[in-house]
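Below you'll find the structure, written out as structure tokens, and then a few comments.
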Amino acid sequence: MTTQHTRPEQSLTADQRRRIDRWLAQYPDDERGRQSAIIPALHILQDDNGGWLQRRHVEAVADYLGMSRTTAFEVATFYSMLFFEEPAGRHKISVCTNISCWLNGADELVAYIEEKLGVRLGETTADGRITLVHEEECLAACTGAPMMLVDGHYYTHLTRERIDEILDGLD
């Protein structure tokens with residue numbers, strides 16, 4: 001009896017392939033150009049999967065783009081601010097704790113956010129709304145320290161009041 005295996009790229013929906021193809025059209029039509037679409041392609045699958053990537057998603061993207069699965073996994077695991085390998089909240093928050101932010105009270109603000117949300121770094125609120133991802137070594141906004149990243153958007157010059165405003169404004 002022959003077992004038929006489904007190739008991971010076949011697990012991409014027609015809509016996902018169409019959206020990835022739109023990104024591919026923006027790059028040169030060669031191997032390097034196809035690989036350039038890895039980040040937006042992974043975002044498409046992550047967004048469609050409720051905010052996180054399973055192994056099969058990374059494999060499907062790698063196969064579709066014609067790149068090694070190892071390289072695709074390297075990308076997915078390197079960009080800790082962009083991709084999540086476990087279920088995560090609808091909103092993702094990272095707080096910079098590098099020197100400028102630290103000198104401006106980032107540690108105290110992390111403790112405040114943990115208390116306000118009732119979670120520790122790396123945890124998700126019980127309602128699945130917010131994941132306090134982790135401390136970021138640097139988010140490259142030193143002149144706006146302290147700062148945090150919420151769903152890809154920078155918030156600088158943080159205070160407890162500003163944090164309350166930002167968090168209370170999330171759906």
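The values are calculated or read from the model by the stated rules, or taken from the named source; none is laboratory data. Just so we're clear, the structure is a prediction, and the values are computed from it rather than from any experiment. Here Cβ is always computed from backbone atoms with ideal geometry, including for glycine, and neighbour counts include all displayed protein chains.
Details
- The criterion of at least 2 residues that are touching a helix residue (DSSP H, G or I) at 6+ places or on another chain (Cβ under 6 Å) and closer than 30 Å to Arg34 by Cα is met by the following helices (runs of 4 or more DSSP H) wholly inside segment 59-171: 69-78.
- Each residue in segment 104-141 was checked for being exposed (fewer than 14 other Cβ atoms within 10 Å of the Cβ), at negative phi and in contact with a Leu (Cβ under 8 Å, 6 or more places away or on another chain), and 1 of them qualify.
- Candidates Ala111, Ala72, Ala106, filtered to the one that is over 14 Å from the mean Cα position of the chain (by Cα), in the same structural domain as Pro40 (by TED's automatic domain parsing) and without any contact (Cβ under 8 Å) to a residue 60 or more places away in the chain: Ala72
- Val95 meets the conditions (1) in contact with a Pro (Cβ under 8 Å, 6 or more places away or on another chain); (2) not assigned by TED's automatic domain parsing to the domain that holds Thr125 in every case but one. The failed one is (2).
- Filter result for Leu42 (within 19 Å of Gly152 (Cβ to Cβ), surrounded by fewer than 18 Cβ atoms within 10 Å (Cβ to Cβ) and within 20 Å of the chain's Cα centre (by Cα)): no
- The residue that is farthest from Tyr112 (Cα to Cα), counting only those in segment 147-161 that are out of contact with any strand residue (DSSP E or B) (no Cβ under 7 Å at 6 or more places or on another chain) and surrounded by 13 or more Cβ atoms within 10 Å (Cβ to Cβ), is Tyr154.
- Any chance Ser36 is modelled with pLDDT of 90 or more, hydroxyl-bearing (Ser, Thr, Tyr) and over 19 Å from Tyr154 (Cβ atoms): yes
- Entry remark, segment 55-81: residues being surrounded by 15 or more Cβ atoms within 10 Å (Cβ to Cβ) and not small (Gly, Ala, Ser) number 11 in total.
- Positions within segment 22-39 being assigned to a helix (DSSP H, G or I) and surrounded by 13 or more Cβ atoms within 10 Å (Cβ to Cβ), in sequence order: Trp23, Leu24, Gly33, Arg34, Gln35, Ser36, Ile38, Ile39
- Residue that is farthest from Gly144 (Cα to Cα) [pool: residues in segment 114-127 that are of a type in the set (A, V, I, L, M) and touching a residue at least 12 places away in the same chain (Cβ under 8 Å)]: Val119
- Pairs linking a residue in segment 81-92 that is more than 21 Å from Asp127 (Cβ to Cβ) to a residue that is among the basic types (Lys, Arg) and assigned to a loop (DSSP other than H, G, I, E, B), with Cβ atoms under 6 Å and 6 or more positions apart or on different chains, do not occur.
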